[in-house]
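Novice: First the structure, then my questions, so here it is.
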Amino acid sequence: MKKIYLDNAATTPLRPEVIQTIINTLENDFGNPSSTHSFGRSGKTNVETARKTIAKHLNCSAQEIIFTANATEATNWILREMVKNHNIKKIITSKIEHHATLYTVLNLQKEFGIDVEYVKVLPNGTLDLFDLERKLDSEIPTLVTLMHVNNEIGTVLDLDRVTSICQKYQAVFHCDTVQSIGKVKIDLDKTPIDFLVASAHKFHGPKGIGFAFIRKNRIMQPMLFGGEQEKGLRAGTEAVHQIAGMAKAFDLAHEFLTEETDYITDLKRYCIEQLHNNFEGIVINGENTFYNILNVLLPFSEEKTAMILFNLDMKGIAVSRGSACQSGSVKPSHVLAEFLSEENTKKPSLRISFSHYNTKEEIDIFIESLKTI
């Protein structure tokens, strides 16, 4: 049975070059980067070279890149730090954010009594940026935290417009770029985001490693106390092999960005065509969505919802209903619930997400399998 992986928004397979980089680093650069002997210096060089590689592609300073375990860790640290030590009195976010943001914000509201406001979600799944501006006030120290590309439906935030609005009202802007980083060019010199977070496993790198961009004028207290790693902000011996693997994946993502974007865009277009050709009443959730994410409402009966993923999995096909982080939940998607009717949120929906490893043949097999359910 041919296995087909169409859940790249959950995680991506590692590129062979990334696997080789990790293996080479484990074999040859096992020294502690904090050690002063040649073994340690070699590890340290690896870490700092990786930092420069990532910074080069984001057009920022290497000193503005801090390595973390993942974007969830970085988001928790940054939001808490801004409220606890930087006098933030209000957070503006949306109800379609990742739970790493939503739950952190709710916890900060409970602990520190800050005001929290949610930007209105429009019927097409995008955010009402006029509503964002209405909620801002230069007199109230505010942090705006919004994701660049929604992880369930793929709607895209206009980063240039949001940064412009935030600057107008002196608001701090934190952006979850987990789904977009490595799949689109982000120039941090031209787009003045204050904080950006990313995870390597979303752009064909290893799990367990990510990074935060912290603009140089932002003074941070440590996330973890201990040694002087990561400018004293995140103590603990660095996972050199993970960092090297992430940098290799990021470098390759940018090297092949144009051709892979075109390829995946065409693949998504083909999948949409085949869905419409084979199923009457298919509805795509969200408008003008990111090129590798497709969320569809299926014209199937409500009782089939729980069985669709199981049946596809039995045929060796991996897709999802929404965020992998919520895969154990039987509740309707919190994202879809914000802009679909209650009746439609009960209907079967699928998130299909593509990478350059997928083919049109795989889409055909997926469609045929869906027709048997």
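Novice: Does Thr163 fit the bill of being over 12 Å from the mean Cα position of the chain (by Cα), on the phi < 0 side of the Ramachandran plot and either modelled with pLDDT under 95 or part of a helix (DSSP H, G or I) (or both)?
Specialist: The answer is yes for Thr163.
Here's the yes/no breakdown for (1) closer than 23 Å to Ile153 by Cα; (2) polar (S, T, N, Q):
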residue: Gly210; (1), (2): yes, no
residue: Glu238; (1), (2): no, no
residue: Phe250; (1), (2): no, no
residue: Asn288; (1), (2): yes, yes
residue: Leu294; (1), (2): yes, no
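Novice: What residue, of Lys346, Lys268, is at pLDDT 95 or above and not β-branched (Val, Ile, Thr)? Outline the logic, then answer.
Specialist: Numbers: Lys346 fails: at pLDDT 95 or above.
Result: Lys268 is the single residue among Lys346, Lys268 that is at pLDDT 95 or above and not β-branched (Val, Ile, Thr).
Novice: Which residue, of Lys304, Lys331, Lys268, Lys248, is outside any loop (DSSP other than H, G, I, E, B) and surrounded by fewer than 18 Cβ atoms within 10 Å (Cβ to Cβ)? Walk me through it before giving the result.
Specialist: Details: Lys331 fails: outside any loop (DSSP other than H, G, I, E, B); Lys268 fails: surrounded by fewer than 18 Cβ atoms within 10 Å (Cβ to Cβ); Lys248 fails: surrounded by fewer than 18 Cβ atoms within 10 Å (Cβ to Cβ).
Going through Lys304, Lys331, Lys268, Lys248 in turn, just one is outside any loop (DSSP other than H, G, I, E, B) and surrounded by fewer than 18 Cβ atoms within 10 Å (Cβ to Cβ): Lys304.
Novice: Let me ask something else about it. Given the structure, is Ser180 hydroxyl-bearing (Ser, Thr, Tyr), closer than 30 Å to Ser35 by Cβ, touching a residue at least 60 places away in the same chain (Cβ under 8 Å) and surrounded by 18 or more Cβ atoms within 10 Å (Cβ to Cβ)? Please lay out each step first, then the result.
Specialist: Values: hydroxyl-bearing (Ser, Thr, Tyr): yes; closer than 30 Å to Ser35 by Cβ: no; touching a residue at least 60 places away in the same chain (Cβ under 8 Å): yes; surrounded by 18 or more Cβ atoms within 10 Å (Cβ to Cβ): yes.
In short, no.
Novice: Checking the condition over 20 Å from the mean Cα position of the chain (by Cα), closer than 23 Å to Thr11 by Cβ and either polar (S, T, N, Q) or not assigned by TED's automatic domain parsing to the domain that holds Ala9 (or both), which residue from Thr345, Thr359 passes? Break it down stepwise before answering.
Specialist: Details: Thr345 fails: closer than 23 Å to Thr11 by Cβ.
Checking each option against the conditions leaves just Thr359.
Novice: Next question. Give the residues of the range 51-72 that are under 15 Å from Ile181 (Cβ atoms) and among the small types (Gly, Ala, Ser), sorted by residue number.
Specialist: Once the filter is applied, which keeps residues that are under 15 Å from Ile181 (Cβ atoms) and among the small types (Gly, Ala, Ser), the range 51-72 yields Ala55, Ala71.
Novice: Within the range 123-135, how many residues turn out to be assigned to a loop (DSSP other than H, G, I, E, B) and either within 21 Å of the chain's Cα centre (by Cα) or surrounded by 16 or more Cβ atoms within 10 Å (Cβ to Cβ) (or both)? Write out each step before concluding.
Specialist: Just the residues of the range 123-135 that are assigned to a loop (DSSP other than H, G, I, E, B), to begin with: 123-126, 128.
Now restrict to residues that are either within 21 Å of the chain's Cα centre (by Cα) or surrounded by 16 or more Cβ atoms within 10 Å (Cβ to Cβ) (or both): 124-126, 128.
Residues that pass the stated criteria total 4.
Novice: Here is a list: Glu287, Glu302. Which entry is more than 15 Å from Ser349 (Cβ to Cβ) and out of contact with any helix residue (DSSP H, G or I) (no Cβ under 7 Å at 6 or more places or on another chain)?
Specialist: Working: Glu302 fails: more than 15 Å from Ser349 (Cβ to Cβ).
None of the other options fit; the residue is Glu287.
Novice: Here is a follow-up. Here are Leu157, Leu196: which of them is among the aliphatic types (A, V, I, L, M), under 30 Å from Leu14 (Cα atoms) and surrounded by fewer than 24 Cβ atoms within 10 Å (Cβ to Cβ)?
Specialist: On inspection, the qualifying residue turns out to be Leu157.
Novice: Restricting to the range 136-154, give me the number of residues that are over 12 Å from the mean Cα position of the chain (by Cα), polar (S, T, N, Q) and either buried (at least 16 other Cβ atoms within 10 Å of the Cβ) or in a helix (DSSP H, G or I) (or both).
Specialist: So the answer is 2.
Novice: Restricted to the range 285-300, and to residues that are aromatic (Phe, Trp, Tyr) and closer than 19 Å to Asp266 by Cβ, which residue is farthest from the chain's Cα centre (by Cα)? Talk me through it step by step, then tell me what you get.
Specialist: So in the range 285-300, the residues aromatic (Phe, Trp, Tyr) come out as 290-291, 300.
Next, only the ones that are closer than 19 Å to Asp266 by Cβ stay: 290-291.
Numbers: Phe290: 12, Tyr291: 14 Å.
That would be Tyr291.
The values are calculated or read from the model by the stated rules, or taken from the named source; none is laboratory data. Keep in mind it's a predicted model, so treat the numbers as computed, not measured. Glycine gets a Cβ as well: all are built from the backbone with ideal geometry, and neighbour counts include every protein chain shown.
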